[in-house]
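The structure appears right after this line, and notes come after that.
The values are calculated or read from the model by the stated rules, or taken from the named source; none is laboratory data. Everything quoted here is computed from the prediction, not taken from an experiment. FYI the Cβ positions are ideal-geometry reconstructions off the backbone, even for glycines, and counts take in every protein chain you see. Note: areas computed on protein heavy atoms with side chains; ligands, DNA, RNA excluded. Shrake-Rupley method; radii C 1.70, N 1.55, O 1.52, S 1.80 Å.
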Amino acid sequence: GDFIGLIDHDDIVLPNALFELVKKLNEDRDIDLVYSDEAITDETGTRRLSAHLKPDYAPDTLRGSNFICHLTLIRKTLMDAIGGLRLGFDGAQDYDLVLRATEQARKIAHVSKVLYLWRMHAGSTAMSLDAKPYALEAGRRAIAEHIARIGQPGVVETGLGCSYRVHY
């Protein structure tokens, strides 16, 4: 296909998700990355616990937190150009991928609808960062490499929860 979707194996893609994403892609053929809002749900997927209503693409906000996450579609030619997922970023591999994709994407779009349900369970960072303590450091390194690639040297530190701060 022309796009590759980022989802987790244990989460739920809502029935209208692909329709809404393709609708957005059809509005502008230059979009290389499109993402949607999401909600945290219980383990059964029957009770929504909170919504993650995301902003439109904002580079500085993305450097503070991986708000794009899932559900995301990336044009396959862009994915090929950036080399796909990289080793060494376990727990933050999608963050590293999204940062690299946004560096080269012609256009980035946001569908302001909850199209994806992220299940909260004991092994998920939706419940606790303690599930993947290595993820925070991997995310910090992904941002540090990102700002170096775009020529904005700085120091990246971890913040509260799963957030980061860049000192340019």
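Observations
- Which labelled figure in (1) 0.97; (2) 1.36; (3) 0.95 is Rg/Rh (Cα atoms, Kirkwood Rh), once derived from the coordinates: (3)
- Considering only beta bridges that DSSP places wholly inside the chain, some 65 percent are antiparallel.
- Placing R0 at 25 angstrom, the Cβ-Cβ distance between residue 26 and residue 48 gives a FRET efficiency of 0.30 after rounding to 0.05.
- Residue 19 contributes an accessible area of around 130 Å² to the protein surface, as traced by a 1.4 Å probe with all chains present.
- The lysine pair count for the chain, using Cα distances under 15 Å and pairs eight or more places apart or on different chains, is 5.
- Proximal charge balance of residue 168 [Cβ under 13 Å; K/R count +1, D/E count -1]: 0
- For residue 14, the shell of other residues with beta-carbons less than 12 Å away shows a net charge of -2, using +1 for Lys and Arg and -1 for Asp and Glu.
- From its DSSP helices (H runs of at least four residues, each -39,500 (n - 2.57)), the chain gives a residue-normalised ellipticity at 222 nm of -9000 deg cm²/dmol.
- Largest mean-square fluctuation among 51, 138, 39, in a Gaussian network model of the chain whose springs join Cα atoms under 10 Å apart, belongs to 51.
- Taking a sphere under 13 Å around the Cβ of residue 67 and counting the other residues whose Cβ falls inside, with K and R at +1 and D and E at -1, yields a net charge of -3.
- Max mean-square fluctuation residue, GNM over the chain, Cα-Cα springs under 10 Å, options 50, 65, 36: 50
- Phi-based couplings in Hz for the range 29-36 (Karplus 6.51, -1.76, 1.60; Gly and Pro marked x): 6, 8, 5, 9, 8, 9, 9, 10
- Most mobile listed residue (158, 44, 72) in the chain, GNM with C-alpha springs under 10 Å: 44
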